[in-house]
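The structure appears right after this line, and notes come after that.
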């Protein structure tokens, strides 16, 4: 399986204030999205990120939100997110520097990376095969 990762390349949105940088924890929302090239249905729950999904995932025409989880992660701690593929996404909050939140992102044995995200931004990770398409994870850091 070809592994594709789209992290931060989708244009992170910067908020004027950076409240997530002031504390020892960060709130992370993970939206699990099924993307397929069958049909052209678009889940109403994804309307707020529709343009970004359509521009970033041009091989797909149908998007359905399968689930959404939000957790507060303490500094130097991790949170697991179960995925419908049976895989587990693990996010670790590694603190902050200047205006960025530092996260570790692990998808079991498939991917392990560190990234920096602007508070209030959403980035995408994709590549896990799911039914007739792929899973897209929309991860928002607050």
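Worth pointing out:
- Across region 108-117, the qualifying residues are those that are out of contact with any strand residue (DSSP E or B) (no Cβ under 6 Å at 6 or more places or on another chain) and touching a residue at least 24 places away in the same chain (Cβ under 8 Å), and the one among them that is farthest from residue 139 (Cα to Cα) is 110.
- Breaking point among (1) under 23 Å from residue 133 (Cβ atoms); (2) modelled with pLDDT of 95 or more, for residue 4: (2)
- Hey, residue 30 at pLDDT below 95 and surrounded by 13 or more Cβ atoms within 10 Å (Cβ to Cβ) or not: no
- Every condition in (1) modelled with pLDDT under 95; (2) more than 16 Å from the chain's Cα centre (by Cα) is met by residue 13 except one, and the failing one is (2).
- Pairs where the first residue, in region 25-40, is touching a residue at least 12 places away in the same chain (Cβ under 8 Å) and on the phi > 0 side of the Ramachandran plot and the second is surrounded by fewer than 19 Cβ atoms within 10 Å (Cβ to Cβ) and part of a strand (DSSP E or B), C-beta under 6 Å, 6+ apart: 39/62
The values are calculated or read from the model by the stated rules, or taken from the named source; none is laboratory data. It should be emphasised that the depicted structure is a prediction, and the values quoted were computed from it without experimental measurement. Methodologically, a virtual Cβ is constructed for each residue, glycine included, from the backbone with ideal geometry; neighbour enumeration extends over all protein chains shown.
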